[in-house]
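The values are calculated or read from the model by the stated rules, or taken from the named source; none is laboratory data. Keep in mind that what you see is a predicted model, and the values were worked out from it rather than measured. For neighbour counting, all protein chains shown are included, and Cβ atoms are generated from backbone atoms with ideal geometry for every residue, glycine included.
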There are 2 protein chains.
Amino acid sequence: LKVNNQNPIGIFDSGFGGLTVMKEVAKLLPCENIIYIGDTARLPYGTKSAETVLQYSLEIADILYKKGCKLLIVACNTACSHSLEALSQLLSIPVIGVIQPGAELIQDKTRVAVLATSGTIRSGVYQNLIQSFAPNSTIYPVACPLFVPLIEEGYGETHAAYLIAESYLSSLKGKIDAALLGCTHYPLMRQTIQRVLGSEVHLIEPASACAEKAKKVLTQTGLLSTQEKPLYQFFATDDPEKFCRLGQSFFGAHLSHCEHLYL
Amino acid sequence: LKVNNQNPIGIFDSGFGGLTVMKEVAKLLPCENIIYIGDTARLPYGTKSAETVLQYSLEIADILYKKGCKLLIVACNTACSHSLEALSQLLSIPVIGVIQPGAELIQDKTRVAVLATSGTIRSGVYQNLIQSFAPNSTIYPVACPLFVPLIEEGYGETHAAYLIAESYLSSLKGKIDAALLGCTHYPLMRQTIQRVLGSEVHLIEPASACAEKAKKVLTQTGLLSTQEKPLYQFFATDDPEKFCRLGQSFFGAHLSHCEHLYL
């Protein structure tokens, strides 16, 4: 497939979380067309096996590739953990994820917690990358499997969420300088996480670093778009109306239209 | 396909919840071979659209049918809501669900809450069936979307779960005599639900009524098994090891083996 600089950027996630990444990409690169796919028929990815998430990611990425995307952003930490290497090898377009840009934000000698889904933590990808970028850091990986459903049901900033966050995170108190939000949903329960960890702990979100990386890659390959009115297309593998309704809080703006993508 | 009385009963669910039904079936019908499929690669069903759940249910039911099942039990309330009619029409074996046996337990003139997933509540199937069996009852349908993830993560009987249950159910206090647990997971947070609703509220679980119905159907069709050592086979569409680990608390006994079913 031939790509030129007017071709869209493709972004995918298991559902809604990747919209927090798209928001940063759209802000930093306001001339780019973007196609977003949320695999809402099979979400969540975070509790499923590496093998299954790899299969799902390859399917969705292939659809974006065939739609002519010039750059693929895997905007789901779990999908990155299990498929980024395979996708980079299989596709002839650049592929970037959220994990490496996030890991690069960790300064050396930091005591950092990595909060993510069970699948992301189990993969060890964050731990390995942070180790290579900041070899003298101390890493505390913590799986927080209930954060995604709590956020999707609008309970991210409730006392119930606080109690659950405390059960996951209380042992970190006093031990860490920073916590990396290693799931694209987690910015939506930032206040609860901050309250549990204490105000002195720096919360790190990879989304804007990922957007920076997208800009760098497009600049280097001469594929930056220059048009004035970018087109955003949203696809969901289940219930496009619900996607628009829930997606709004992740994207930070109204989603007027989403198409049903049948797998 | 030809069936005889040694053929297995097929049971399926989106994941683990249906094991609470299988437990009752195995207790009441200890001579029956049973094949159980948990669609763990695509769970949950409860938050997804009717169309998608129907498609998934037809796929899984077809696999059980082709394995020679003599009776199909749809042990997932959401799957029943969206696919029971279609399955009954498509398959040449008897198909039973958990909703009708549950609805038949409601005595007339009861003020009853139906607690279930968003999909089950939205379908209106419980409401319609209870209305027909107990026309003078008053029905309060309540979607409890966070109960399933809380239970699957082992948080069903915690204070956080209590707070979430309270946010769903507190408006029912003093208004109801009974609450029907319209999701096969919910028996695993029975104590929390009882505490929120008050000890005078009768909690109704459809699982044993479903097993009774299975016995009745097999008796009527002359298909009751008489063998002494029944075989139980478990299949999961993702992560069979996790299925065994989590399934134990639902089945109430150790699950020694589960096979990966590739879709």
Which condition number in (1) crowded, with 19+ Cβ neighbours inside 10 Å; (2) within 14 Å of chain A (Cβ to nearest Cβ); (3) not hydrophobic (A, V, I, L, M, F, W, C) is the one that B:Ser225 fails? (2)
May I ask you to say which residue of B:Thr117, B:Thr158, B:Thr110 is of a type outside the set (Gly, Ala, Ser), over 15 Å from the mean Cα position of the chain (by Cα) and within 30 Å of B:Cys244 (Cβ to Cβ)? B:Thr158
Residue, farthest from the other protein chains (Cβ to nearest Cβ), within region A:8-52, restricted to residues that are farther than 26 Å from B:Phe16 by Cα and assigned to a loop (DSSP other than H, G, I, E, B): A:Cys31
When residues of region A:127-148 are filtered for being without any contact (Cβ under 8 Å) to a residue 60 or more places away in the chain and either within 13 Å of another protein chain (Cβ to nearest Cβ) or over 16 Å from A:Asn77 (Cα atoms) (or both), how many remain? 14
Across region B:212-252, what is the total count of residues that are over 21 Å from the mean Cα position of the chain (by Cα) and among the polar types (S, T, N, Q)? 6
Considering region A:225-235, residues that are assigned to a loop (DSSP other than H, G, I, E, B) and touching an Asp or Glu at 6+ places or on another chain (Cβ under 8 Å), and then whichever is nearest to A:Tyr262 (Cα to Cα), we arrive at A:Pro230
In region B:53-74, how many are more than 14 Å from chain A (Cβ to nearest Cβ), charged (D, E, K, R) and over 23 Å from B:Lys215 (Cβ atoms)? 2
Name the residues in region A:155-185 that are at the interface with another protein chain (Cβ under 10 Å from one of its Cβ atoms) and outside any helix (DSSP H, G or I), would you? A:Tyr155, A:Thr158
Lone qualifier among B:Ala86, B:Ala50 - being touching a Lys or Arg at 6+ places or on another chain (Cβ under 9 Å) and surrounded by fewer than 24 Cβ atoms within 10 Å (Cβ to Cβ): B:Ala50
So B:Glu200 passes all but one of these: (1) facing another protein chain (nearest Cβ under 10 Å); (2) surrounded by fewer than 16 Cβ atoms within 10 Å (Cβ to Cβ). Which condition number does it fail? (1)
Enumerate the strands (runs of 3 or more DSSP E) found wholly within region B:58-128, keeping only those where 2 or more residues are under 28 Å from B:Ser167 (Cα atoms). B:111-116
Test B:Pro44 against the criterion of being more than 15 Å from the chain's Cα centre (by Cα) and touching a residue at least 60 places away in the same chain (Cβ under 8 Å), and give yes or no. no
Quick one: A:Val25 ticks every box in (1) farther than 19 Å from A:Asn7 by Cα; (2) touching a helix residue (DSSP H, G or I) at 6+ places or on another chain (Cβ under 6 Å); (3) buried (at least 24 other Cβ atoms within 10 Å of the Cβ) except a single one, so which number is it? (1)
Any residue at all in region A:250-258 that's assigned to a helix (DSSP H, G or I) and either modelled with pLDDT of 95 or more or under 24 Å from A:Ile93 (Cα atoms) (or both)? yes
Identify all residues within region B:57-77 that are under 17 Å from B:Ile99 (Cβ atoms) and in contact (Cβ under 8 Å) with a residue 60 or more places away in the chain; write none if there are none. B:Leu71, B:Leu72, B:Ile73, B:Val74, B:Ala75, B:Cys76, B:Asn77
Check on B:Gly17, touching a His at 6+ places or on another chain (Cβ under 7 Å), under 23 Å from B:Glu205 (Cβ atoms) and at pLDDT 95 or above: yes
